[in-house]
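Chemist: Input: one structure, supplied below.
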Amino acid sequence: MEKELSELTDQELLEKKRTIEARNISNAVILGVLVGIAIYSMITKGLSLMTFIPILFALFVANSWNKNKKELKKELNARNLK
């Protein structure tokens with residue numbers, strides 16, 4: 001089980017920040033693919049439930065990633081780390 005951010009040492013917190021920053025490119029690619037699938041589905045089959053599922057999933061995932069980044073940034077600021 002993963003520790004809460006407040007339980008991590010400063011070094012572990014900085015390592016987590018580097019890990020999250022390294023994942024940004026892959027996250028953007030995943031979101032781009034999901035949006036591309038939705039656009040392709042809309043062009044070929046028109047509007048349907050299958051058009052909106054990738055977009056809803058992309059929004060859910062992006063919101064989750066953004067929340068994690070905000071929590072990490074808040075903890076880093078609380079500890080005066082950069």
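Chemist: Is it true that some residue in region 41-53 is outside any helix (DSSP H, G or I), of a type in the set (S, T, N, Q) and farther than 30 Å from GLU12 by Cβ?
Modeler: Yes, region 41-53 contains a residue that is outside any helix (DSSP H, G or I), of a type in the set (S, T, N, Q) and farther than 30 Å from GLU12 by Cβ.
Chemist: Would you be able to tell me the number of residues in region 63-82 that are closer than 10 Å to LEU14 by Cα and part of a helix (DSSP H, G or I)?
Modeler: Number satisfying all stated conditions: 2.
Chemist: Let me ask something else about it. Got at least one residue in region 31-39 being closer than 30 Å to LEU81 by Cβ and either among the hydrophobic types (A, V, I, L, M, F, W, C) or assigned to a helix (DSSP H, G or I) (or both)?
Modeler: Checked against the condition, which is being closer than 30 Å to LEU81 by Cβ and either among the hydrophobic types (A, V, I, L, M, F, W, C) or assigned to a helix (DSSP H, G or I) (or both), region 31-39 yields at least one hit.
Chemist: Taking into account only those residues within region 39-61 that are small (Gly, Ala, Ser) and free of Cβ contacts under 8 Å to residues at least 12 places away in the same chain, which is surrounded by the fewest Cβ atoms within 10 Å (Cβ to Cβ)?
Modeler: Once the filter is applied, the top-ranked residue is GLY46.
Chemist: Now for a separate question. Just one of (1) of a type outside the set (Val, Ile, Thr); (2) surrounded by 10 or more Cβ atoms within 10 Å (Cβ to Cβ); (3) out of contact with any helix residue (DSSP H, G or I) (no Cβ under 9 Å at 6 or more places or on another chain) trips up ALA78, so point out which.
Modeler: That leaves (3) as the condition not met.
Chemist: Tell me yes or no: at least one residue of region 15-27 is closer than 19 Å to SER64 by Cβ, in contact with a Ser or Thr (Cβ under 8 Å, 6 or more places away or on another chain) and surrounded by 11 or more Cβ atoms within 10 Å (Cβ to Cβ).
Modeler: no
Rule-based calculations on the coordinates, nothing more; no lab input. Remember, it's a predicted structure, so these values are computed and weren't measured experimentally. Here the Cβ is made from the backbone with ideal geometry for all residues, glycine too, and neighbour counts use every protein chain on show.
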